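Down below is the structure, laid out as structure tokens.
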Amino acid sequence: MAKTIVVKQIGSPIRRPSKQRQTLIGLGLNKMHKTRELEDTPSVRGMVAKISHLVEIVEEKS
């Protein structure tokens, strides 16, 4: 079984650059306090790092 992380959106994309909004959509997040379980890959980690002020990692599962 692959490692996964649970990501929660904590910030609003209003008045943010379009690249940050597109990154949120790419992660499957578009509403406040929505959570998403994603596979723990370097690309997902990079996306989370780019918008770390808008999301938080709730838990890591193995």
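The values are calculated or read from the model by the stated rules, or taken from the named source; none is laboratory data. Predicted model only: the values in this text are computed from it and were never measured. Cβ coordinates were reconstructed from backbone atoms using ideal geometry, including for glycine residues, and neighbour counts include every protein chain displayed. SASA here: full protein model, heavy atoms, side chains in, ligands and nucleic acids out. Shrake-Rupley method; radii C 1.70, N 1.55, O 1.52, S 1.80 Å.
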* SER52 being among the small types (Gly, Ala, Ser) and in contact with a Lys or Arg (Cβ under 7 Å, 6 or more places away or on another chain) -> no
* For the stretch 13-34, indicate whether the set of residues that are under 13 Å from VAL58 (Cβ atoms), of a type in the set (Ser, Thr, Tyr) and open to solvent by 50 Å² or more (accessible area, probe 1.4 Å) is non-empty. => no
* Asked: Taking the stretch 15-53, which residues are over 20 Å from THR4 (Cα atoms), charged (D, E, K, R) and not in a loop (DSSP other than H, G, I, E, B)?
  -> LYS19, ARG21
* Inter-residue pairs, beta-carbon under 8 Å, first farther than 16 Å from GLN20 by Cβ and in the stretch 36-62, second open to solvent by 90 Å² or more (accessible area, probe 1.4 Å), 6+ apart -> GLU39/LYS3; ASP40/LYS3; ASP40/GLU60; GLU60/LYS3; LYS61/LYS3; LYS61/GLU37; SER62/MET1; SER62/LYS3
* Structure fact -> ILE51 passes all but one of the listed conditions (1) open to solvent by 60 Å² or more (accessible area, probe 1.4 Å); (2) under 10 Å from the mean Cα position of the chain (by Cα); the exception is number (1)
* Take the stretch 1-12 and flag every residue that is open to solvent by less than 70 Å² (accessible area, probe 1.4 Å) and farther than 12 Å from ILE57 by Cβ. => ALA2, GLY11, SER12
